[in-house]
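First comes the structure, then the notes that go with it.
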Amino acid sequence: MQLSCPVCHALLQADTEVKSLRCDAGHSFDRARQGYWNLLLAQRKKSKDPGDNSEMIQARRRFLDAGYYWLIAEQLNQLLIAELSGIQNPHLLDLGCGEGYYTVQIEEALSAAGFSPQIAGLDISKHAVKAACRRSDSIDWLVATGADIPLPQGSLDALTLMFSRVMPAPMARALKPGGLLIVVWPGPSHLMELRELIYDEVRQREYDPTAELDSLFEPLRTETLTFDFEIDSAQGIDDLLTMTPHGQRIKPAVHAAILEHGQLNCHADIRLGVYRRRQDDNAI
Ligand SMILES: C[S@@+](CC[C@H](N)C(=O)[O-])C[C@H]1O[C@@H](n2cnc3c(N)ncnc32)[C@H](O)[C@@H]1O
Ligand SMILES: [Zn+2]
């Protein structure tokens with residue numbers, strides 16, 4: 001996929017061996033050994049090692065690879081296939097891609113449906129992107145910030161944002177007018193039984209990014225996906241806790257008791273919001 005310079009936003013060109021990228025102003029970026037591009041500028045980092053840490057990434061990878069959330073990938077992919085029909089060669093960015101579980105399935109599903117997609121996955125965590133590199137070498141993996149997406153303005157047909165914070169202006173900038181945005185977030189009863197074990201009072205407040213997106217994105221619809229699943233190993237439960245913020249808030253005694261029990265019935269409540277970038281360029 002065509003990338004742009006995080007310093008000056010000019011287009012980046014690869015050298016003949018695709019080992020480095022350079023813009024006309026001479027800013028250059030080397031390809032990491034694992035195959036990703038590091039386009040995160042030091043001054044953009046709010047901490048030395050931003051984003052999810054290695055432990056969270058490994059836990060999320062084990063949990064997702066165990067298949068507990070395969071229905072989410074399935075519904076996301078069906079949605080993309082339907083909404084992208086007629087675009088033979090869609091350019092898609094998975095923003096906040098983590099260790100790439102959904103990104104790779106998007107690529108496989110679109111290819112199987114007859115598309116020739118060009119896919120990039122971007123995350124601020126280098127631990128996440130390093131792990132993602134092991135999943136596919138046909139995806140462009142980027143360590144960068146979603147606050148300044150290193151892709152040319154209006155270059156994307158679609159952008160997916162799974163369980164990550166919305167950044168409306170940079171997302172709209174990277175998308176073509178009319179481009180597709182799919183945001184996936186947890187609904188109010190997501191992992192309710194787990195939260196009841198952890199918190200004295202479980203908040204029922206519903207998150208919905210539609211209002212925050214509204215000036216730049218036209219909402220088409222929000223789909224709801226609910227399902228129940230059972231985790232039947234201490235490792236699986238520990239992974240779920242480690243990959244979510246709940247793990248840091250759980251009392252040690254409760255943590256030990258859940259792991260000891262070794263079995264947890266869970267309810268998933270997922271929202272998939274479908275949006276189109278508004279045509280009005282002045283808004284960006
Ligand atoms: C809850 S995880 C979701 C990962 C993946 N989408 C998934 O569902 O498996 C949120 C991800 O957002 C990343 N992230 C946080 N701030 C970011 C930023 N400013 N730009 C890009 N990624 C960011 C984190 O490193 C983390 O991998
Ligand atoms: Zn430059």
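Quick test for you: out of Gln78, Gln43, Gln88, pick the one residue that is within 16 Å of ligand 2 (Cβ to nearest atom) and either in a loop (DSSP other than H, G, I, E, B) or not hydrophobic (A, V, I, L, M, F, W, C) (or both).
Every option except Gln43 fails the conditions.
For the stretch 202-283, which helices (runs of 4 or more DSSP H) that fit wholly inside it have 2 or more residues that are more than 24 Å from the chain's Cα centre (by Cα)?
Here the list reads 252-261.
Give the residues of the stretch 14-39 that are free of Cβ contacts under 8 Å to residues at least 60 places away in the same chain, at negative phi and within 11 Å of ligand 2 (Cβ to nearest atom), sorted by residue number.
Those that are free of Cβ contacts under 8 Å to residues at least 60 places away in the same chain, at negative phi and within 11 Å of ligand 2 (Cβ to nearest atom): Leu21, Arg22, Cys23, Asp24, Ala25, His27, Ser28, Phe29.
Just a yes or no: is a residue in the stretch 30-50 acidic (Asp, Glu), within 13 Å of ligand 1 (Cβ to nearest atom) and in contact with a helix residue (DSSP H, G or I) (Cβ under 6 Å, 6 or more places away or on another chain)?
Looking through the stretch 30-50, none of the residues is acidic (Asp, Glu), within 13 Å of ligand 1 (Cβ to nearest atom) and in contact with a helix residue (DSSP H, G or I) (Cβ under 6 Å, 6 or more places away or on another chain).
Residue under question is Leu76, and the condition is that it be within 17 Å of Leu95 (Cα to Cα), out of contact with any Ser or Thr (no Cβ under 6 Å at 6 or more places or on another chain), modelled with pLDDT of 95 or more and not assigned by TED's automatic domain parsing to the domain that holds Leu122; does it hold? Quick ask: steps written out before the conclusion?
Working: within 17 Å of Leu95 (Cα to Cα): yes; out of contact with any Ser or Thr (no Cβ under 6 Å at 6 or more places or on another chain): yes; modelled with pLDDT of 95 or more: yes; not assigned by TED's automatic domain parsing to the domain that holds Leu122: no.
The answer is no for Leu76.
Out of everything in the stretch 226-275 that is more than 27 Å from Ala211 (Cα to Cα) and of a type in the set (Ser, Thr, Tyr), what residue ends up being surrounded by the fewest Cβ atoms within 10 Å (Cβ to Cβ)?
Filtering the stretch 226-275 for residues that are more than 27 Å from Ala211 (Cα to Cα) and of a type in the set (Ser, Thr, Tyr), the one surrounded by the fewest Cβ atoms within 10 Å (Cβ to Cβ) comes out as Ser233.
Within the group Gly35, Gly67, which residue is surrounded by 13 or more Cβ atoms within 10 Å (Cβ to Cβ), in a loop (DSSP other than H, G, I, E, B) and within 20 Å of the chain's Cα centre (by Cα)?
Gly35 is the lone residue from the list that is surrounded by 13 or more Cβ atoms within 10 Å (Cβ to Cβ), in a loop (DSSP other than H, G, I, E, B) and within 20 Å of the chain's Cα centre (by Cα).
Residues in the stretch 165-200 that are of a type in the set (Gly, Ala, Ser) and surrounded by fewer than 20 Cβ atoms within 10 Å (Cβ to Cβ): how many?
Here is the first cut: in the stretch 165-200, the ones of a type in the set (Gly, Ala, Ser) are 169, 172, 174, 178-179, 187, 189.
Next cut, surrounded by fewer than 20 Cβ atoms within 10 Å (Cβ to Cβ) only: 169, 178, 187, 189.
So the answer is 4.
Are any residues in the stretch 227-267 among the aliphatic types (A, V, I, L, M) and within 18 Å of Tyr69 (Cβ to Cβ), and if so, which ones?
Ile231, Ile237, Leu240, Leu241, Met243, Leu264, listed by residue number.
Among the helices (runs of 4 or more DSSP H) confined wholly to the stretch 98-184, which include 1 or more residues that are charged (D, E, K, R), more than 16 Å from ligand 2 (Cβ to nearest atom) and over 21 Å from Pro219 (Cα atoms)?
Output list reads 101-112, 126-133.
For the stretch 141-152, state whether one or more residues are under 17 Å from Gln34 (Cα atoms) and either acidic (Asp, Glu) or away from ligand 1 (no atom under 11 Å from the Cβ) (or both).
Yes, the stretch 141-152 has at least one match.
Could you please let me know if Ala59 is outside any loop (DSSP other than H, G, I, E, B), away from ligand 1 (no atom under 16 Å from the Cβ) and either under 15 Å from Cys133 (Cα atoms) or not basic (Lys, Arg) (or both)?
On the way: outside any loop (DSSP other than H, G, I, E, B): yes; away from ligand 1 (no atom under 16 Å from the Cβ): no; either under 15 Å from Cys133 (Cα atoms) or not basic (Lys, Arg) (or both): yes.
In short, no.
The values are calculated or read from the model by the stated rules, or taken from the named source; none is laboratory data. As the structure is a prediction and not an experimental result, all values here were calculated from the model. Backbone-built Cβ (ideal geometry, glycine too); neighbour counts: all protein chains shown.
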